[in-house]
Amino acid sequence: MQAIGATGAVAVAGCLGGDTGANSAEADQSAAEDEGLPAAKDVDVDRIARDPTDIPAPVDWNEPREHDITIETVRQTAEIEPGVTFEYMTFEGQVPGPMIRVRRGDRVNLTFEVPEDLNAAAHNMDFHAVYGPGGGADATTIAPGDDPTQISFTADYAGVFIYHCAIPNMDQHISSGMFGSILVEPEEGLPEVDHEYYLGQHEIYTDGDVGEKGHHSFDFDAMLDESPTYVVFNGQAYGFAPDGGQPMQANTGETARVYFANGGPNLLSSLHPIGNVWSRYYRDGDLLSDPAHNVETAPVAPGTTTAGEMEFPVPGPVKIVDHALTRAARRGALGVVNVEGEPTEDLYDEDP
Ligand SMILES: [Cu+2]
């Protein structure tokens, strides 16, 4: 656990299993006592991180279709990393919110619910895939306990897009986990791949230090400084590292497409797969232009979902990071695809 905790730097480019200091647990404990960070709270959910493979199946229809979708907002106390709790605000209980997948021209009938017993604040949804005031935010704004609200929209333009809460404290709500993606496939569909993964980066601004055990509360001053405590994938620090997390799995010879949402609210991400390359990269989520080829590191602006495809010719971990590497080494922004298969020495020989 300590080996991937943010109390010490994670070995981003090398082995993830290194010791980060024999006394770090004790140091954490005494720091928590000195500064009075409250004890970690009981969690409402085992993992705040949405499973990256939790993605609807590819579009297999050729005519416009209607989709009835219900999204419920849920406040969740969960661990950012072991021993560090935070109160998240979520769409459907995890981070990022569920991926919505439609074909261009489809109709979406959205029901939006903010149950009184599961929420403390008003919320709404701004879809970047929607023509309309606030991307639907104006019409979906409701307070806890209000009747559910509905909007209906046609996904008129193809691409992969973010959605997020957009009430006045939208930056706080996004930083608490309120963002997700909607994939509007072009009429002709997307290239077939063996795996699809859904990752969402965002910053968490708290009143504690990174790695400090206990319960962290949201910190507006840190947000105003744009100085996050954690920068995480799917709401959790190192949630997909092999050591203590749940890495993504693939085999040599397979392909994968990563949908990568940067919720922000503030920081640009520099998306890079260590030991691999985006062999086809859909800049800014543009699924209509020919993808760019062999992109090493791609800027992903806050409020954007992009897509990139990788091949896995060689076994071993592929570490997806924000290449602003302090975030990957210390603040949580790292996820691993564990690639299994026979060595292919003609491409890579680690012991010639
Ligand atoms: Cu909200």
* Applying the selection to the stretch 180-203, what residues are open to solvent by 20 Å² or more (accessible area, probe 1.4 Å) and in a strand (DSSP E or B)? -> His195, Glu196
* Given (1) away from the ligand (no atom under 16 Å from the Cβ); (2) assigned to a strand (DSSP E or B), index of the condition Asp156 fails -> (2)
* Structure fact -> Exactly one of Val314, Val339, Val318 is in contact with a Pro (Cβ under 9 Å, 6 or more places away or on another chain) and under 26 Å from Glu203 (Cβ atoms), and that residue is Val318
* Asked: Which of (1) closer than 23 Å to Thr53 by Cβ; (2) out of contact with any Pro (no Cβ under 6 Å at 6 or more places or on another chain); (3) at pLDDT 95 or above is the odd one out, the single condition Ala241 does not satisfy?
  -> (3)
* Check on Met125, of a type outside the set (S, T, N, Q) and out of contact with any helix residue (DSSP H, G or I) (no Cβ under 9 Å at 6 or more places or on another chain) -> no
* Boolean, Val232 is within 21 Å of the chain's Cα centre (by Cα), buried (at least 19 other Cβ atoms within 10 Å of the Cβ) and within 30 Å of Asn294 (Cβ to Cβ) -> yes
* Subset of the stretch 318-336 (residues that are of a type in the set (A, V, I, L, M, F, W, C) and under 15 Å from the mean Cα position of the chain (by Cα)) -> Ile320, Val321, Ala328, Ala333, Leu334, Val336
* To do: Return the residue satisfying two criteria in turn: it lies in the stretch 48-105 and is surrounded by fewer than 17 Cβ atoms within 10 Å (Cβ to Cβ) and of a type in the set (A, V, I, L, M, F, W, C), and of such residues it is nearest to the ligand (Cβ to nearest atom).
  => Ile69
* Set Ile204, Ile162, Ile167, Ile151: member being within 27 Å of Pro299 (Cβ to Cβ) and assigned by TED's automatic domain parsing to the domain that holds Arg107 -> Ile162
* Of all residues making up the stretch 114-135, the number that are within 15 Å of the ligand (Cβ to nearest atom) and surrounded by 19 or more Cβ atoms within 10 Å (Cβ to Cβ) -> 8
* Asked: Among the listed residues Thr206, Thr140, which satisfies the condition of being within 15 Å of the ligand (Cβ to nearest atom) and surrounded by 22 or more Cβ atoms within 10 Å (Cβ to Cβ)?
  -> Thr140
* Asked: Asp171: surrounded by fewer than 24 Cβ atoms within 10 Å (Cβ to Cβ), within 16 Å of the ligand (Cβ to nearest atom) and in contact (Cβ under 8 Å) with a residue 40 or more places away in the chain, yes or no?
  -> yes
* Yes/no for Ile162 being open to solvent by less than 30 Å² (accessible area, probe 1.4 Å), within 10 Å of the ligand (Cβ to nearest atom) and among the β-branched types (Val, Ile, Thr) -> no
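The values are calculated or read from the model by the stated rules, or taken from the named source; none is laboratory data. None of these values were measured; they are calculated from a predicted model. Positions of Cβ are generated from backbone atoms using ideal geometry, with glycine treated the same way; all protein chains shown enter the neighbour counts. To get the accessible areas, we keep the full protein, side chains included, count just its heavy atoms, and leave off ligands, DNA and RNA. Shrake-Rupley method; radii C 1.70, N 1.55, O 1.52, S 1.80 Å.
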